[in-house]
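Here the structure comes first, spelled out in structure tokens, and everything after it is commentary.
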Amino acid sequence: MRIFLAEDNEDNYLIVKSNLKKVQEPVELLWAQDGEISIKMLEHEDDIDIFLIDIEMPKIGGLELTNWIRKQERFANKPIIAVTASVFAEMKKMYIEKGFDFILEKPFSRKEFLDILQKAMEIP
């Protein structure tokens, strides 16, 4: 399984990387520090299974990045998880409307992370 993480905070990257060690199947984690770098990397990728996208990033934010991902035919149906501290009810609704499948609230526990990842893996 290949997971793409767009996250500008290295500590959050390390938390995700650590949590992925608890996944039963082998996982390759690709990491980009902002939305601009993400697009450059994804232009050369075809095989991503799940996206983890931070909402607040420099240059190109998570909403704009998700919009770009959804326009790419090869990624159009891949699960995208918003990783954010902005989780007011109206924000959650907007994230889903903007193309995210799930929302993972920062800070998150290992159990919350693995539960959301399991749900995402069940999307065909």
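Okay, here's what the table says:
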read-out: Residue with peak Gaussian network fluctuation, the chain [Cα springs, cutoff 10 Å], from I81, I50, I37; value: I37
read-out: Within a Gaussian network of the chain (alpha carbon springs, distance under 10 Å), most fluctuating of A76, A89, A32; value: A89
read-out: In the range 1-81, GluC sites (Glu not before Pro) in a DSSP loop with at most 16 other beta-carbon atoms within 10 Å; value: E43, E45, E56, E73
read-out: Shape call, the range 2-110: gyration tensor on alpha carbons, a/c limit 1.5; value: rounded
read-out: Sparsely packed chymotrypsin sites (Phe, Trp or Tyr not before Pro) within the range 1-101, loop by DSSP, other Cβ within 10 Å at most 11; value: F88
read-out: Estimated FRET transfer efficiency when R0 is 30 angstrom, pair Q72-K93 (beta carbons, to 0.05); value: 0.80
read-out: Interchain or long-range residues, amide H under 5 Å from L5's placed H; value: L30, W31, A32, L52
read-out: Estimated [θ] at 222 nm from DSSP helical runs (n ≥ 4, -39500 (n - 2.57)) normalised by residues in the chain, nearest 500; value: -12000 deg cm²/dmol
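Read-outs: derived from the displayed coordinates by stated rules, not from any lab. As the structure is a prediction and not an experimental result, all values here were calculated from the model. Please note: Cβ atoms are built from the backbone with ideal geometry, for glycine as well, and neighbour counts cover all protein chains shown.
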